[in-house]
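> Below are the structure tokens for one structure; questions will follow.
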Amino acid sequence: QVQLVESGGGLVQPGGSLRLSCAASGSIVAMNAMGWYRQAPGKQRELVARVFRSSFTNYAESVKGRFAISRDAAKNTVFLQMNSLKPEDTAVYYCHLVILGAREYWGQGTQVTVSS
């Protein structure tokens, strides 16, 4: 079984920064991709950023230039540095992992609230 443990959410003022972490543990044969999705109230879950086994990354257009994803492959951990946060970034952020064989796993979610 695979578990994803997220941390780093919270309340921040507009223009502020937060760093999310997600650590994967368990029967991870090999990571295909790991990243973050978010879901705001009344909206669909959307991709924020992800990193592939090749180290290729992709981002939602709305966060390009403000967010940066990175990983510690040895520790199966991914980080999301979020800068210049805006109220529209408010959402529950979910860690997502895809391993070899296309099996997917989700974290429990961490709340990010951007408000003055």
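The values are calculated or read from the model by the stated rules, or taken from the named source; none is laboratory data. Bear in mind the structure is a predicted one, so any value in this text is a computation, not a measurement. FYI the Cβ positions are ideal-geometry reconstructions off the backbone, even for glycines, and counts take in every protein chain you see. Protein only, heavy atoms only, side chains kept; ligands, DNA and RNA dropped before computing areas. Shrake-Rupley method; radii C 1.70, N 1.55, O 1.52, S 1.80 Å.
> Normalized C-alpha radius of gyration of the stretch 23-69, against 2.2 N^0.38 Å? Can you show the working numbers first?
On the way: Rg = 12.5 Å, N = 47, 2.2 N^0.38 = 9.5 Å.
For the stretch 23-69, the normalised Cα radius of gyration is 1.32.
> A further question on this structure: Only Cα pairs within less than 10 Å get springs; with that Gaussian network setup on the chain, which residue of GLY42, GLY101, GLY26 has the largest fluctuation?
The residue that fluctuates most here is GLY42.
> Taking a cut-off of 19 Å between Cα atoms, list the lysines near LYS86, but don't count ones fewer than 8 places away on the same chain.
Excluding near neighbours in sequence, the set is LYS43, LYS64.
> Please work out whether the stretch 48-116 counts as rounded, prolate or oblate from its C-alpha gyration tensor, where a ≥ b ≥ c are the square roots of the eigenvalues and a/c under 1.5 means rounded, while otherwise a/b larger than b/c means prolate and anything else oblate?
Values: a/c = 2.19, a/b = 1.61, b/c = 1.36.
It comes out prolate by the Cα gyration axes.
> Something else about it: Treat every Asp and Glu Cβ in the stretch 1-100 as -1 and every Lys and Arg Cβ as +1, leave all other atoms uncharged, and give the resulting dipole magnitude about the Cα centre to the nearest 20 debye.
Magnitude of the dipole: close to 100 debye.
> Using a Gaussian network model of the chain with C-alpha springs under 10 Å, which one of GLN44, GLN13, GLN81 is most mobile by mean-square fluctuation?
Checking each option, the largest mean-square fluctuation is seen for GLN44.
> Once the Cα gyration tensor of the chain is diagonalised, what are the square roots of 5 times its eigenvalues, in whole Å and ordered largest first, as equivalent ellipsoid semi-axes?
Numbers: eigenvalues 114, 38, 31 Å².
Gyration-tensor ellipsoid for the chain: 24, 14, 13 Å.
> Follow-up. What percent does the relative contact order of the stretch 49-100 come to when contacts are Cα pairs within less than 8 Å and at least six residues apart? It would help to have the intermediate numbers written out before the result.
Numbers: 38 pairs, mean separation 12.2, N = 52.
Answer for the stretch 49-100 is 24 percent.
> For the chain, what's the relative contact order in percent, using C-alpha pairs closer than 8 Å and at least 6 residues apart? It would help to have the intermediate numbers written out before the result.
Details: 280 pairs, mean separation 42.5, N = 116.
Reported as a whole number, the value is 37 percent.
> Now for a separate question. In a shell of Cβ-Cβ distance under 15 Å around ALA73, excluding ALA73 itself, what net charge do Lys and Arg (+1) and Asp and Glu (-1) give? Walk me through the numbers on the way to the answer.
Details: positive: ARG50, ARG53, ARG71, LYS75; negative: ASP72.
Its environment carries a net charge of +3.
> Just in the stretch 43-116: which chymotrypsin sites (Phe, Trp or Tyr not before Pro) are loop by DSSP and have at most 12 other Cβ atoms within 10 Å? Write out the running numbers ahead of the final one.
Numbers: sites: PHE52, PHE56, TYR59, PHE67, PHE79, TYR93, TYR94, TYR105, TRP106; in loops: PHE56.
Sparse-neighbourhood loop chymotrypsin sites (Phe, Trp or Tyr not before Pro): PHE56.
> Let me ask something additional. Would you mind finding the longest exposed-site-free stretch of the chain, with exposed trypsin sites (Lys or Arg not before Pro) meaning DSSP loop and at most 16 other Cβ atoms within 10 Å? Don't jump to the answer; show the numbers that get you there.
Details: sites that count: LYS43, ARG45, ARG53, LYS64, ARG66.
Counting at most 16 other Cβ atoms within 10 Å as exposed, the longest clean stretch of the chain is 67-116.
> Using a probe of 1.4 angstrom, how much of the accessible area of the chain is carbon and sulfur, in percent? Write down the numbers at each step before the final one.
Working: 3010 of 6160 Å².
Heavy-atom surface of the chain belonging to carbon and sulfur, 1.4 Å probe: 49 percent.
> Give me the accessible area per residue for the chain, probe 1.4 Å, as a whole number in Å². Please report the intermediate quantities before stating the final value.
On the way: 6160 Å² over 116 residues.
Here the residues of the chain average 53 Å² of exposed surface.
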